[in-house]
1. List every residue pair whose Cβ atoms lie under 8 Å apart, where the two residues are 6 or more positions apart in sequence or sit on different chains, the first residue falls within the range C:195-216 and is more than 12 Å from every other protein chain (Cβ to nearest Cβ), and the second residue, located anywhere, is of a type in the set (D, E, K, R) and crowded, with 18+ Cβ neighbours inside 10 Å.
2. With respect to C:L320, is the statement that it is under 21 Å from A:G149 (Cα atoms), at pLDDT 85 or above and of a type outside the set (G, A, S) true?
3. How many residues does the range B:288-315 contain that are assigned to a loop (DSSP other than H, G, I, E, B) and buried (at least 16 other Cβ atoms within 10 Å of the Cβ)?
4. If we scan the range B:320-329, do we find a residue that is free of Cβ contacts under 8 Å to residues at least 24 places away in the same chain and not β-branched (V, I, T)?
5. Across the range A:247-259, what is the total count of residues that are at the interface with another protein chain (Cβ under 10 Å from one of its Cβ atoms) and either on the phi > 0 side of the Ramachandran plot or more than 8 Å from the chain's Cα centre (by Cα) (or both)?
6. Kindly provide the set of residues from the range C:84-117 that are farther than 17 Å from C:V147 by Cβ and crowded, with 17+ Cβ neighbours inside 10 Å, ordered by number.
7. Are there any pairs with C-beta distances below 8 angstrom linking a residue in the range C:140-155 that is in the same structural domain as C:W295 (by TED's automatic domain parsing) to a residue that is of a type in the set (S, T, Y) and not in a helix (DSSP H, G or I), with the two at least 6 apart or on different chains, and if so which?
8. Which one of these is of a type outside the set (F, W, Y) and touching a residue at least 40 places away in the same chain (Cβ under 8 Å): B:I262, B:I276?
Amino acid sequence: MARKTIRRLGELVLVLLIVGAGTFALMDLMPGDPAVVVLGEGHTEQEYAAKREEMGLNDPISVRFADWLASAVTGDFGVSFIPPHHEVSGRIAAALPVSVELAALGLLMALVIAVPLAMWSAYHAGGRVDRLVSAGTFGVLSLPSFLAGMLLIMVFANGLGWFPRAEWVRLSESVGDNLYHAFLPALTIALVEAAMFTRVLRGDLIATLQEDYILASKAKGMPPVHVLVRDALRPSSFSLITLLGISLGRLIGSTVIVEYLFSLPGMGTLIISAADEGDVPTVQGAVLVIALIYVLANALIDLSYGYLDPRIRRAHV
Amino acid sequence: MNPSTPLLTVEDLRTEIRTGQGTVRAVDGVSFTLGHGETFGIVGESGSGKSVLGRTVMGLYATGPTMTVTGRVIFDGVDVHALTPAGRRRLWGSQVAMVFQDPMTALNPVRKIGAHLTESLRRHGGHSRAAARRRAEELLRLVGIPEPRRRLDQYPHELSGGMRQRVVIAMALANEPKLLIADEPTTALDVTVQKQILDLLDRLQEEFGMAIILISHDLGVVAGRADRVAVMYAGRIAETAPAKELFATPHHPYTEGLLASIPDLHGPPHTLLEAIDGAPPNMAAPPPGCRFAPRCRYARQVCHGQIPPLRPVPGAADRSLACHHPVNVPAGGS
Amino acid sequence: MSEITVAQQTAPAAGRRISRPGLALSVLGLAVAGGSLGAPLIGWVRFGGFVAGLVVLYLGLAALGRGLFGPSFDLAFWACLGWLVVLVGAAVLAPLLPLAEHQDVAKTLSAPAMAPPDPLSAHPLGTNNFGLDMLGRVLYGARSSLVVSVGAVALAMAAGGAIGIVAGYFGRLADAVVGIATNSLLAVPPLILLIALGTVLDPSLRNIAIALSLLALPGMIRMARAAALTFAQREFVLAAESLGASRWRIMTRELLPNVVLPLASYGMVMVSVLIVAEASLSFLGLGVQQPNPSWGNMIAEGQENDVFVQHPHIVLVPGLTLFITVFAFNLIGEKARRRWDPRQGKL
């Protein structure tokens, strides 16, 4: 077991290194002269040359990568090219909580919607509700998140005026306000995820409900809710957990678009505006951080399998 | 409780199941009675409908989107199929309980043994969590599981097949039901374990005074344990009789065929096994008359045309028969 | 449940008939939908009526179809197929169609700006804020989106198939390297990858297609590798090896044909994913650049200053087209998967 974990960790580190190298190399290809970006237009060629030397841009790429990596490991991603020259790590630290909260809220909402819906559909499989839900989720899955977001804005923010159109209030300032502003963006994210979760969980539940132990539980007089929640849900949750892992990537992408749409100060907006402005260090740092989170989250999900199925738990011990 | 009124009366019970290939009449007119504390065996081959019968009697199978149940099941004075689903749930696990065939699949693999028992105890018996746990431990001891307290926190896959079946039995007995329906309780077990389980059921029946419906395809299982036996074929009862009499003098050609097909340990070697010709009928479109007629060596015209009703056998106590041309009957049939 | 023998029921002789209720529903649906379009009622009521009419029309046509073609008639499938055929046909023929100007702002100085959709006018789907015709933009947008997405899928299939087969067949080091590379690609969430690439690369259609193909690549590699692994064990490969066939020959002649089918069904599903990805990219301004229309950047137009609140058609026209197209691809892809890749099952 220990050997396997060490091997996994090794792979993880290797993957992160490659991602880091890739991002670094990619940013190197970016058109434009970083010195110009930093200093601005209208300076002499010597000033640009001097700035380039100062920034170490004339060193070979391997040296620059090693330098950047060394600092990155300590959390120092350098300084933004764009005035005011904030520390990149600072900008990331400010933007990350927003994205994380949005993604987490979206995921939570998706589960709250999907689990009861899937249970009801599975219990009355083939019934009218089931077929409606099936058609509905299929439709939602064909809806891109920015379109869904705009529709929601049209109806709820501008049309009915129930929710604000943009703006973000930090959790530290006011929990209530924060949730109020986060609702519509989180719902946008939640819709697609909920559709996916419902479909998968429903399929799994239908299979589980055929098992003998479900009939045995019913034969003990257990009410349907009990049977669904305590007997059927646990064995069915494996594909849901797998799906949570797969949907993480999509989730991050959705978060980016939704942040952009609702003008929220998260990682997505950070990357997009930094890329637009040619702020290389910020893009590098942000991409690496996101990759790190993504990889770690996937590893965590792998671990949770053991908790859920005691048979696997035993095998790993 | 008046010992002379039957605990269970089944009147002309029919269960129709709608499948993709047509409507199957799995139970096609079954009637019998069961007294308190009695053991009633139901014997039949695969596809005879005996499992469906057991579940319909209990009410687990009831009229719904895919099946229709007609006829009556009167359990302890209550018409089971006239109850609401909630009403039936009150019966299950407390008055009536079922022991399922395959202990591997009858227990939820992700839940502990203790949970299987305590949830039933708490639901019907109103026990507190601690009291339920104590009772669960007692039950495990009762069914002969060693180290019961340790077992409570184990998972089904940590127990052997025989022990799992004991747990399933313990689950069924948790609230001391009046009726236990055992659907092929030993089929999935080793032969040596089979005897242990059947002995256990005997012992528990004496202790709790409960009635048992013992369903099996194995004549041997039913022979020594049941008071009365019903032989089922193609959704109908062929005959019922006290166990000893049934095996000594069967009246229905099917029963006769079944008994004849049992190989004899003491007979000469290389004896040809006797089998009943033909195959069970298609239950979506059964033959018009007696279901067994196509395979019966005594079949006559009336057998193919009319379904023989289940009638008491004159002169014999407590036997009934559905046959136009019975065998081993002294005064001759129709 | 105990095994109960059941006969195969012969299907009743099916006759073609015009379903009366189907006909009635269809006519009713058409009437309600058409009426709602023309009736002088409040916007939302009209919209609701139109949708209700469409639903009734759908039910009616489905019943008609079942009556005429048998109980397994699936209206949704044929409707989607029809939509795709019409869309692709119109997109291909766009330069030949009598459309109003869709791209050159200089030519639309006299055209009405922000005109709402009017089926009978010169601008059936309305115009945007520059007076450019929405119908034309939608069709030309379709050209970009479809070319890019299908191209990307084809690219991914070719590259992924080749890499996967090599990895699966050669094993060990090649496999390990491919594995790590694939995992690295997958370690970056798809949209982030696209954004990173989009900022660095010049947004030509070719580059966009290459970037999108990277999204589909890992999946293709995995499928091809898995298929290659299964088939490499089979006897016909061993037979070819024993006859002295070169590794190249084995890969192309024995493994490739077997890998193509699962890849193709996966590819169908990926087309709709990539259409959405391209739209997202264009929406963010990193994909197809104005004035070339793409469904994504048309929707983005509506987002600027929330113009779409006053003039919803700016967003709804490309949005609805995008939705229906993706829906159609998904539906057909799902059916194709069920027929040709039974392992996948339902989702």
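The values are calculated or read from the model by the stated rules, or taken from the named source; none is laboratory data. Being a predicted model, the structure only gives us computed values, none of them experimental. Neighbour counts are summed over all protein chains in view; Cβ atoms, including those assigned to glycine, are modelled from backbone coordinates with ideal geometry.
1. C:I208/C:E278; C:L212/C:E278
2. Working: under 21 Å from A:G149 (Cα atoms): yes; at pLDDT 85 or above: yes; of a type outside the set (G, A, S): yes.
Yes: the conditions hold for C:L320.
3. Filtering the range B:288-315 down to residues assigned to a loop (DSSP other than H, G, I, E, B) leaves B:288-292, B:296-300, B:306-310, B:313-315.
Filter again for buried (at least 16 other Cβ atoms within 10 Å of the Cβ), leaving B:289-292, B:296, B:299, B:307-308, B:310, B:313.
The qualifying residues number 10.
4. Within the range B:320-329, the subset free of Cβ contacts under 8 Å to residues at least 24 places away in the same chain is none.
No, the conditions are met nowhere in the range B:320-329.
5. Restricting attention to the range A:247-259, the residues satisfying the condition of being at the interface with another protein chain (Cβ under 10 Å from one of its Cβ atoms) are A:248-257.
Going one step further and asking which of them are either on the phi > 0 side of the Ramachandran plot or more than 8 Å from the chain's Cα centre (by Cα) (or both), we end up with A:256-257.
The qualifying residues number 2.
6. Once the filter is applied, which keeps residues that are farther than 17 Å from C:V147 by Cβ and crowded, with 17+ Cβ neighbours inside 10 Å, the range C:84-117 yields C:L99, C:A100, C:E101, C:T108, C:A111, C:A115.
7. C:G141/C:S294; C:S144/C:S294; C:S145/C:S294
8. Values: B:I276 fails: touching a residue at least 40 places away in the same chain (Cβ under 8 Å).
None of the others qualify; the one that does is B:I262.
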